[in-house]
Amino acid sequence: MKKIIAMFVLCAILFTVMAGMTGCSDKVVLNVYNWGEYIDESLIDKFEDETGLKVNYKTYDTNETLLAKLESGGGSYDVVFPSDYAIAEMIKLDLLQPINFNNVPNFQYIDDRFKNMDYDPDNLYSVPYFWGTIGILYNKDMVSDPVDTWDILWNEDYAGKILMKKDVRDAMGIALKKLGYSMNSTNDDELEEAKQILVEQKSLINGYYGDEIKDMIANGDAAMGVTYSGDFMDLYWDEEADYSYIGYGIPKEGTNLWFDAMVIPKNSEHKTEAEMFINFMLDPDNAFQNSNEVGYTTPNVVALQMIREDSPEVFELPAYWPDEDAVALSEVYIDLGEYKTIYNEIWMEVRIE
Amino acid sequence: MRRRMKLLAYPYTFWMAVFVIVPLMLVFLYSITKGDIHNFSSLEFSLDSYKRVAEPLYLKVIGNSFFLALISTVFCFLLGYPVAMIIARTDQKFRNKLLMFIIIPMWMNFLLRTYAWMAILSPNGVLNRFLATIGLTPLEIMPGQIAVLIGMVYNFLPFMILPIYTVLVKIDRSLLEAADDLGANKVKTFFRVIFPLSIPGVVSGITMVFMPAVSTFVISGLLGGGKTPLIGDLIEQQFMSDRNWHFGSSLSIILMVMILISMAVMSRMDRNSDKKGSSA
């Protein structure tokens with residue numbers, strides 16, 4: 001009996017200590033969970049000053065991490081920044097709550113092109129934050145051919161100097177696009193063809209990598225690699241080193257257009273405050289400052305106009321402002337539903353083959 | 001007094017129950033079921049994920065992981081034993097300093113050290129630039145199995161050296177003198193006295209290297225260019241990107257069982273050597 005009491009007391013102490021650590025202040029604490037290096041952190045201070053709220057800012061590195069966290073119910077987040085297909089999946093899994101747009105008047109500044117996207121058709125849950133493409137980051141000294149087609153990733157002249165993205169959707173999407181199919185194909189024959197060319201490509205590439213691609217290209221370890229447009233922008237904006245030998249090409253076959261958007265998870269306890277935060281980020285001045293600091297393209301029309309006046313040269317860069325034709329042929333990833341498993345299996349087979 | 005000691009064990013028992021036993025049970029549960037992982041009532045008994053592990057594709061990955069882990073354990077042993085012996089033989093004044101050289105790199109994060117190897121071995125990395133300046137042809141090590149092996153041996157070597165050293169340093173000098181008195185030369189002394197006495201250290205060294213080596217996923221991803229995934233990569237992918245917890249769990253269970261079997265084999269060897277030691 002004594003043992004049980006001791007155990008009970010111990011648990012009680014543990015729980016009070018833990019509860020005390022989180023709830024020691026009566027200020028509302030807003031939990032914001034974002035990609036790494038994806039916000040101008042001085043804006044967080046500004047938001048805290050303006051509203052008197054406290055922001056607890058944390059970062060993650062993949063949509064899958066975020067999904068896994070939300071799905072397992074671990075942690076309570078108020079604003080998170082998933083990408084298009086992840087938003088679709090979160091909506092399907094009922095992990096998000098609808099945003100009350102009356103509290104987000106600044107939504108009017110969002111480009112109409114980026115409202116009601118396929119991942120959130122009635123635009124109930126999400127507000128676009130940044131958008132961009134995937135493309136080919138290359139070293140101008142090592143690549144003599146024009147980088148305007150996915151075929152170059154299969155070009156034997158560059159054997160051993162090609163880096164492929166270690167991501168099922170990107171790898172499969174590129175192979176499908178090269179073959180002239182949709183990046184969201186659910187046709188078994190097309191997927192089989194895509195698998196074949198990925199297996200063929202395997203002997204030509206240096207390897208499959210994630211975030212390392214940017215550094216490896218900048219370091220001259222490889223001639224070209226598949227990355228996000230933002231990776232190029234990071235190098236472009238770098239003030240400490242000269243990366244003018246690095247280029248970024250978007251294939252004429254079209255590519256993936258990605259969107260990261262702000263959403264409010266279902267288990268958020270501070271919905272109104274979360275909406276205040278979203279509205280704050282949409283304020284043209286703040287969006288301008290944020291886009292300037294992070295380097296990605298903002299969907300905020302007024303902020304974009306400010307950037308056009310401030311630094312018109314970035315609109316010449318395909319990484320910042322892809323040309324209309326490429327955009328027209330590009331696709332946003334959609335949630336594959338049942339086919340997700342098939343994509344994963346094909347990708348696994350390609351990698352083990 | 002005794003009761004108080006028991007009381008002190010409660011936090012640990014609590015900790016073990018919540019963070020070791022419960023998760024293990026969950027992994028086991030997920031491995032033998034299918035259905036929605038967040039809704040226990042929807043789980044149905046199924047061995048589908050184990051069947052999937054048995055597909056040749058995945059057996060190949062498991063085989064490859066064990067092979068690489070084995071090779072790196074052998075290398076760690078071949079490199080680590082002499083080092084442990086040198087340190088154990090060194091004068092006490094310098095011994096701790098030598099040990100520091102082994103331990104200090106371990107203060108740095110494991111991921112960081114692997115990135116450092118990437119910077120050294122990559123096609124345009126430190127090593128190849130150096131070779132180019134002295135007029136030699138660059139090596140194509142990374143990405144590849146050799147680079148993965150280098151990364152593994154580097155990262156796990158201290159786990160081989162330290163337990164062997166601990167055993168060697170405790171060997172009673174008078175035993176060596178006795179061997180010498182009885183006319184054994186150095187080679188004979190090593191194989192008949194020192195090595196048998198150091199077996200417990202060797203066994204724990206091998207276990208401590210083999211276990212992390214067989215389940216690693218960062219090293220093969222970075223230094224191997226992700227072209228030959230290991231079982232650790234497979235498990236990571238199931239939980240992080242594919243979110244197929246059932247398949248991930250059965251892979252983990254298989255890995256755990258295999259590690260347990262290898263540990264059992266090792267400890268049997270250990271016990272046999274004990275028996276031999278006492279009967280001799």
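The values are calculated or read from the model by the stated rules, or taken from the named source; none is laboratory data. What you see is a predicted model, and the numbers here were worked out from it, not measured in a lab. Cβ: placed from backbone, ideal geometry, glycine included. Neighbour counts: every protein chain shown. Only protein heavy atoms, including side chains, enter the accessible area calculation; ligands, DNA and RNA are left aside. Shrake-Rupley method; radii C 1.70, N 1.55, O 1.52, S 1.80 Å.
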Output for Cβ contacts, cut-off 8 Å, separation at least six or different chains, first residue of a type in the set (Asp, Glu) in the stretch B:122-148, second open to solvent by less than 60 Å² (accessible area, probe 1.4 Å), reads B:GLU140/A:GLY160; B:GLU140/B:PRO123
> Quick one: would you say B:GLU44 is closer than 28 Å to B:MET258 by Cβ, among the charged types (D, E, K, R), more than 14 Å from chain A (Cβ to nearest Cβ) and open to solvent by 40 Å² or more (accessible area, probe 1.4 Å)?
Replying inline: yes
Subset of the stretch B:112-138, residues closer than 22 Å to B:SER65 by Cα and surrounded by fewer than 17 Cβ atoms within 10 Å (Cβ to Cβ), comes to B:ARG113, B:TYR115
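Quick check: anything in the stretch B:93-111 closer than 25 Å to B:VAL218 by Cα, open to solvent by 40 Å² or more (accessible area, probe 1.4 Å) and among the polar types (S, T, N, Q)? Give the steps one after another, and end with the answer.
Restricting attention to the stretch B:93-111, the residues satisfying the condition of being closer than 25 Å to B:VAL218 by Cα are B:101-111.
Next, only the ones that are open to solvent by 40 Å² or more (accessible area, probe 1.4 Å) stay: B:101, B:103-104, B:106-111.
Narrowing further to those that are among the polar types (S, T, N, Q): B:109.
Within the stretch B:93-111, one or more residues are closer than 25 Å to B:VAL218 by Cα, open to solvent by 40 Å² or more (accessible area, probe 1.4 Å) and among the polar types (S, T, N, Q).
Every residue, every condition in (1) open to solvent by 60 Å² or more (accessible area, probe 1.4 Å); (2) touching a Lys or Arg at 6+ places or on another chain (Cβ under 9 Å); (3) within 14 Å of chain A (Cβ to nearest Cβ); (4) of a type in the set (Lys, Arg), yes or no:
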| residue | (1), (2), (3), (4) |
| --- | --- |
| B:PHE75 | yes, no, no, no |
| B:MET85 | no, no, no, no |
| B:GLU140 | yes, no, yes, no |
| B:ALA147 | no, no, yes, no |
| B:ASN155 | no, yes, no, no |
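Which residue, of B:ARG243, B:ARG192, is assigned to a helix (DSSP H, G or I) and either farther than 30 Å from A:GLN201 by Cβ or over 21 Å from the mean Cα position of the chain (by Cα) (or both)?
On the way: B:ARG243 fails: assigned to a helix (DSSP H, G or I).
The conditions single out B:ARG192.
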So for the stretch A:131-151 (the condition being under 18 Å from A:GLY254 (Cβ atoms), away from chain B (no Cβ under 14 Å) and assigned to a helix (DSSP H, G or I)), does at least one residue qualify? yes
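I'd like to check something: does the stretch A:153-164 contain any residue that is surrounded by fewer than 17 Cβ atoms within 10 Å (Cβ to Cβ), away from chain B (no Cβ under 14 Å) and in a helix (DSSP H, G or I)?
Here is the first cut: in the stretch A:153-164, the residues surrounded by fewer than 17 Cβ atoms within 10 Å (Cβ to Cβ) are A:155-157, A:159-160.
Applying the additional criterion that residues be away from chain B (no Cβ under 14 Å) yields A:155-157.
Filter once more, so that each one left must be in a helix (DSSP H, G or I): A:156-157.
Yes, the conditions are met somewhere in the stretch A:153-164.
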All conditions in (1) away from chain A (no Cβ under 11 Å); (2) in contact with a Gly (Cβ under 6 Å, 6 or more places away or on another chain); (3) surrounded by fewer than 20 Cβ atoms within 10 Å (Cβ to Cβ) are true of B:PHE239 except (1)
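Return the residues of the stretch A:67-120 that are aliphatic (A, V, I, L, M), assigned to a loop (DSSP other than H, G, I, E, B) and within 13 Å of chain B (Cβ to nearest Cβ); say none if nothing qualifies. Walk me through it before giving the result.
Quick first cut of the stretch A:67-120, residues aliphatic (A, V, I, L, M) only: A:67-68, A:70, A:79-80, A:86-88, A:90-91, A:93, A:95-96, A:99, A:104, A:110, A:117.
Of the ones still in play, those that are also assigned to a loop (DSSP other than H, G, I, E, B) are A:93, A:95, A:99, A:104, A:117.
A:LEU93, A:LEU95, listed by residue number.
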Requested in this report: Kindly establish whether A:VAL302 is more than 14 Å from chain B (Cβ to nearest Cβ) and not charged (D, E, K, R).
Outcome: yes
